[in-house]
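Working notes, beginning with the structure itself.
The values are calculated or read from the model by the stated rules, or taken from the named source; none is laboratory data. Just so you know, these numbers come straight off a predicted model, no measurement behind them. When we count neighbours, we look across all protein chains shown, and the Cβ atoms used for this are built from the backbone with ideal geometry, even at glycine.
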Amino acid sequence: MTERMPFTRSSRDGPTFRDAPHPVIPRPRPTAENLLRIQRIRWHEDLLVIAAAGEIDLATAGRLEHALRDRLPAATVLDLSEVGFLGVAGLRVIESAAARARAEHRTTGVVADTRPVLRLLNLFGTDTHIPVYRRLDHAILEVPKR
């Protein structure tokens, strides 16, 4: 007995167009504006809340730096409660803004409650020299008094 070769739907040049897999078209990377949204909220004359939502990494840290660069009031609260990822580039921006605030005799606080953000703040010891709060209302009450 002879074995039979299974029938395929291709020619000697390769598979027919019907059998070829569809090419995957890469999606463009979202812009920094889509990855990180920043809102400046003037709480009162001496307190500014900068709320960030999204991811803070090398691609988006410049947007956060720009928001923290302008003239700031006596107290600033950086609300990271809507941030799902914080990279080292973002951490450097936060630490340099806090150092500048200390040099100018201003106060700064950070609100964070997501595990990735808290872990990085703790891992690098940032939470030892910048107060970190779990809730925005606690930060608003405490930061101006410091």
### Message
Report every pair of residues separated by at least 6 positions or lying on different chains whose Cβ atoms are under 8 Å apart, first residue within the stretch 96-124 and in contact (Cβ under 8 Å) with a residue 12 or more places away in the chain and among the hydroxyl-bearing types (Ser, Thr, Tyr), second surrounded by fewer than 17 Cβ atoms within 10 Å (Cβ to Cβ) and not in a helix (DSSP H, G or I).
### Response
Thr107/Ala74; Thr107/Arg146; Thr114/Gly84
#### Entry: Answer from Asn122, Asn34 - the residue that is more than 22 Å from Leu141 (Cα to Cα) and more than 14 Å from the chain's Cα centre (by Cα)
Asn122
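Would you mention how many residues in the stretch 25-55 are part of a loop (DSSP other than H, G, I, E, B) and either basic (Lys, Arg) or modelled with pLDDT under 75 (or both)?
Total meeting the criteria: 5.
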### Task
Provide a single number: the residues in the stretch 83-97 that are touching a Gly at 6+ places or on another chain (Cβ under 9 Å) and surrounded by 15 or more Cβ atoms within 10 Å (Cβ to Cβ).
4
